[in-house]
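Trainee: Shown below is the structure under consideration.
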């Protein structure tokens, strides 16, 4: 993706071909909106208003429709995020087994509040609802993978691996 | 002998591959199915007493039967892999460890209902399960189990894997359909039910992963055998996700006639550190809570319904005697407040206000009328919304307070 301005998306010809492939998978091409937004986010890091408008044109949809979709789902980021995203589950089983301690430890180690990104842009820390891995509670998602059960030691080891 | 239908291959290395699946009898159910007319398969599934294992427990064969007879035009099968009910993690295991049982189940089910396109809606956070599933679908295409003229039967099926983007409500079948159509995941008013008018306006059957994984076993070994594993009203086994204060948290596949006590103490190893049991949530966070003295119940849909709670998604959350129930309610209420889609006023408003009240009670700032206000608001809103989300929230609101009221009252300052 070439980035004309911060957060402004314009897809490469290869990516546009992938958009058309995704649109062709469904009886109505608009159904490919979520996967295409995912593609745009992967390429651009987050979804800006400019990206929403750009994607809207690819679908003949209004920017308002795209905005409504982007703001409905938790996995779409509307601001730049860290190079890594840590999402700690704070739902019931994880809560019973110490999610709050895990979050406190992460906040102290990273020097950020929940929702914040470290100054060096390394990690964004979030707390989220059930990730459906309660057998490894307390647990968290680190980018693509699930980690648990969390202790101060396992958290430190995981953080060391994030560059 | 303990029957393991769904989890029988989990211990095998490479259980997610087509090779291992075939070596253990995989895709034999499909060959049997193609020898039957589609309507006969729906009849078998009806006779098997298979019930939906995503949460609602609706009889699967009856659901399939709602597709209008003689419908002209597309029909869709949609697999709900948007696992999200707090306390539940069984579908993740199936997707990662036995994706071909889902694919075989999908082919048989699609053949039964006359669908030639099937969508699998996988929750966005499930990256590893999605990668494994995608690989399995590619393998199935390459081996001729998907695509044109499957096994020379003349039947065609294409599978599209669709990833969610983070929203619990998309596990509700009409919310899922909205999301699949590229919209925010707002549930739709029923009727029309999806079987009549669902995805893209066409008749659509939405089934949970685990439900569909059972279908090949019903084909291979027969509806009567399957029905015989369960109770009079629910056939087969199911996968119980057990978590919280137990020695061995994990997934346990058992006949639905197992009791909650046996599940916790025999299979999950009881509670650690010699602690006593305080309470159990038996079917995901939307199920009403049970006290320690209420666990001699069978874990089938009707057994738990008769006990005043529900089997739901079979997510069992065990709480020892150190747990603060008001705090647990606050955590659960935060979840419902966050996940309400905002479409219906009673749900949007009540979930937010009840979370705030539960929070102030836990913080020692509760008012003496708060408990009755929560109960009143919960009861008034139940049954007034488009989908069952708010009814699910009401289960914990009412049961936590009614069963542990003195614990809440102890936190409220006396004026």
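Trainee: Looking only at other chains, what is the average number of their beta-carbon atoms within 10 angstrom of each beta-carbon in B:198-204?
Mentor: Per residue, the average neighbour count from other chains is 2.
Trainee: Largest first and in whole Å, what are the equivalent-ellipsoid semi-axes of segment A:36-107 based on the Cα gyration tensor, each being the root of 5 times an eigenvalue?
Mentor: Its equivalent ellipsoid spans semi-axes of 32, 13, 8 Å.
Trainee: Okay, moving on. Compute the distribution of all C-alpha to C-alpha distances in the protein assembly as shown, in bins of 10 Å from 0, and list the percent of pairs in each, rounded to whole numbers.
Mentor: Result, from short to long distances: 3, 17, 28, 28, 17, 6, 1, 0 percent.
Trainee: Measure nothing but the geometry: give the 0 to 90° angle between the long axis through the Cα atoms of B:370-381 and the longest principal axis through the Cα atoms of chain B, rounded to 10°.
Mentor: Taking Cα atoms only, the helix is inclined about 30 degrees.
Trainee: Consider a paramagnetic label point 7 Å from the Cα of residue A:151 along Cα→Cβ; state which residues of segment A:111-140 have an amide N under 13 Å from it.
Mentor: A:138
Trainee: So what's the convex hull volume per residue for the Cα atoms of segment B:151-279, in Å³?
Mentor: Numbers: hull volume 25.1 nm³, N = 129.
Cα-based convex hull of segment B:151-279, divided per residue, equals 194 Å³.
Trainee: Please report the spacing between the Cα centers of segment A:75-149 and segment B:340-415 in Å, no decimals.
Mentor: Each part reduced to its Cα centre gives a spacing of 27 Å.
Trainee: Tell me the relative contact order for segment B:63-161 as a rounded percent, counting alpha carbon contacts under 8 Å between residues six or more apart.
Mentor: Answer for segment B:63-161 is 31 percent.
Trainee: Rounded to a whole number, what is D in µm²/s for segment A:2-72 from Stokes-Einstein with the Kirkwood radius over alpha-carbon pairs (20 °C, 1.002 mPa s)?
Mentor: 179
Trainee: What distance in nm separates the simple spin-label points at residue B:257 and residue B:410, each placed 7 Å from Cα in the Cβ direction?
Mentor: Result for the modelled spin labels: 4.0 nm.
Trainee: Taking 8 Å as the Cα distance limit and 6 or more residues as the minimum spacing, I'd like the relative contact order of chain B as a percentage. Don't skip to the answer; put the middle values down first.
Mentor: Details: 837 pairs, mean separation 69.7, N = 415.
Across chain B, relative contact order equals 17 percent.
Trainee: Moving on to the next point. What is the angle, in °, between the Cα long axis of helix B:209-221 and the longest principal axis of the Cα atoms in chain B? Nearest 10 is fine, range 0 to 90.
Mentor: Between the helix axis and the principal axis of chain B, the angle is about 50 degrees.
Trainee: Moving to a separate point now. Any chance you could run the full-extension gain for residue B:190 through residue B:306? It's 0.36 nm times the residue separation minus the Cα-Cα distance, nm to one decimal.
Mentor: Going from the current span to full extension adds 39.1 nm.
Trainee: Sticking with this structure for a sec: Extending each Cα 7 Å along its Cβ direction at residue A:79 and residue A:160, get the distance between those two points in nm, one decimal.
Mentor: Result for the modelled spin labels: 3.2 nm.
Trainee: Percent relative contact order of segment A:95-163, based on C-alpha pairs within less than 8 angstrom and at least six residues apart?
Mentor: The value is 27 percent.
Trainee: Continuing with this model, one more query. In whole angstrom, and with the biggest value first, how far do the Cα coordinates of segment B:62-144 range along each principal axis?
Mentor: Cα extents, longest axis first: 40, 35, 18 Å.
Trainee: What are the equivalent ellipsoid semi-axes of chain B, built from the alpha-carbon gyration tensor (square roots of five times its eigenvalues), in whole angstrom, biggest first?
Mentor: 38, 24, 18
Trainee: If you take each beta carbon of peptide A:76-83 and count the beta carbons of other chains within 10 angstrom, what is the mean?
Mentor: 0
Trainee: Want the number for residue A:42 to residue A:104: 0.36 nm per residue separation, take away the alpha-carbon distance, what's left?
Mentor: The span from residue A:42 to residue A:104 would gain 19.4 nm if fully extended.
Trainee: How big, in percent, is the set of alpha carbon pairs in chain A lying more than 24 Å apart?
Mentor: The calculated P(r) of chain A puts 44 percent of pairs beyond 24 Å.
Trainee: Compute the distance from the alpha-carbon center of segment B:164-231 to that of segment B:11-45, in whole Å.
Mentor: 20
Trainee: Place the peptides B:163-172, B:349-358, A:50-59, B:205-214 in order of packing, highest mean first, counting for every residue the other Cβ atoms within 10 Å and averaging per peptide.
Mentor: Going from most to least packed, we get B:205-214, B:163-172, B:349-358, A:50-59.
Trainee: Give the residues of segment B:371-408 whose amide nitrogen is closer than 20 Å to a point set 7 Å from the Cα of residue B:321 in the direction of its Cβ.
Mentor: Answer for this model: B:403-408.
Trainee: What angle, in degrees between 0 and 90 and rounded to the nearest 10, separates the Cα long axis of helix B:38-47 from the longest principal axis of the Cα atoms of chain B?
Mentor: 40
Trainee: Another question about this same structure. Testing the spin-label approximation: label points 7 Å from Cα along Cα→Cβ at residue B:23 and residue B:66. State their distance in nm.
Mentor: 4.2
Trainee: Can you tell me the convex hull volume per residue for segment B:100-167, based on C-alpha atoms, in Å³ to the nearest whole number?
Mentor: For segment B:100-167, the hull spanned by Cα atoms encloses 78 Å³ per residue.
Trainee: Could the peptides A:12-23, B:189-200 be put in order, highest first, of the mean number of other beta-carbon atoms found within 10 Å of their residues?
Mentor: So the order, starting with the most tightly packed, is B:189-200, A:12-23.
Trainee: Continuing with this model, one more query. If you take each beta carbon of peptide B:176-182 and count the beta carbons of other chains within 10 angstrom, what is the mean?
Mentor: 5
Trainee: Next question, about the same structure. In terms of the Cα gyration tensor, with a ≥ b ≥ c the square roots of its eigenvalues, is segment B:321-415 rounded because a/c is under 1.5, prolate because a/b exceeds b/c, or oblate?
Mentor: Here segment B:321-415 falls in the prolate category.
Trainee: If r is the Cβ-Cβ distance from residue B:149 to residue B:367 and R0 is 56 Å, what FRET efficiency results, to the nearest 0.05? Could you put the intermediate results ahead of the total?
Mentor: Details: r = 69 Å, r/R0 = 1.23.
E between residue B:149 and residue B:367, to the nearest 0.05, is 0.25.
Trainee: Take the Cα gyration tensor of segment A:84-161, multiply each eigenvalue by 5, square-root it, and list the three semi-axes largest first, rounded to whole angstrom.
Mentor: 19, 12, 12
Coordinate-derived values only; no laboratory data. Here the structure is a predicted model, which means the values were calculated and not measured. Because the Cβ atoms are built from the backbone with ideal geometry, glycine has one as well, and the counts that use them run over all protein chains shown.
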